[in-house]
Amino acid sequence: MEFFTIKNIIGIVAIALTFIGYAPYFRDLLKGKTKPHIFSWFIWAIVTSIIFALQVSAGAGLGSVVTLAVAVISLSIFILGFKNGNKIIKKVDVVFLVLALLAMPLWLVIKQPVLSIILLSTIDMLGFAPTVRKSWNAPYSETLSLYTITTFRHGLSIVALANYNIVTLLFPSTWVIANALFSIMLIIRRKKIPNPNL
């Protein structure tokens, strides 16, 4: 199989955009400007790792490498977030984590990858709740460019998929929508709330 197919080139661009998109986030995190909710990033690290394995098992191809990169980066942000991040954890956040962990035996033991990906993608979206809750009142505590680039990147990762089915498509599709809506929310809230960093 030829490596330099259009899908693989798009996949490589999506992978590059993953690192380009997160670079300003890491910069702002290390400066203390961005304050990630560590529980969101912990849930995303676990869930995204499982989703990567599911995508590979469903023949996602190079398009799934974006998911792997996001899993590694999410774990890094979780670890770095202990210094400057938001650590307010509510009971509902713990429920989302437990549900994420329950999805593993659902896929590995019961052999239900479709049910697993639906559950994991739902949990991943629910894991966004602590970040959305925090950012509603503190819209400058997140790096806007990450979420706008991520919207585009997940769109490219969909194009780069080798096989299209619910297991390969659901995760990137939900993140295109979630990141776009979150970006819009940050823009709207920033127009209403003065920047405390100025």
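Quick note: the coordinates plus some simple rules give every number you see, no bench work behind them. Owing to the predicted nature of the structure, the values given are computational and were not obtained by experimental measurement. Please note: Cβ atoms are built from the backbone with ideal geometry, for glycine as well, and neighbour counts cover all protein chains shown.
Taking square-rooted eigenvalues a ≥ b ≥ c of the alpha carbon gyration tensor, is the stretch 112-179 rounded, prolate or oblate, where a/c under 1.5 means rounded and, failing that, a/b exceeding b/c means prolate? Oblate. When peptides 38-50, 78-90, 118-130 are sorted by average Cβ neighbour count within 10 Å, with the highest value leading, the order is 38-50, 118-130, 78-90.
Restricting the calculation to alpha carbons of the stretch 38-101 gives Rg and Dmax of 13.0, 38 angstrom. Can you list which of the DSSP-assigned H helices in the chain have a Cα extent of 20 Å or more along the long axis and an average Kyte-Doolittle score of at least -1.0? For the chain, where a helix must reach 20 Å along its axis and average at least -1.0, the hits are 6-31, 38-57, 65-84, 91-108, 144-160, 166-192. Between their Cα atoms, which of Lys35/Lys91; Lys33/Lys134; Lys83/Lys192 are more than 18 Å away from each other? Check vs 18 Å cut-off fails for Lys35/Lys91; Lys83/Lys192. For His37, enumerate residues with amide H under 5 Å from its amide H, sequence gap 5+ or separate chain, H modeled in the peptide plane. Hits under the 5 Å cutoff: Asn86.
Only helices enter the 222 nm calculation for the chain: every DSSP H run of n ≥ 4 contributes -39,500 (n - 2.57), and dividing by all residues gives -26000 deg cm²/dmol, rounded to 500.
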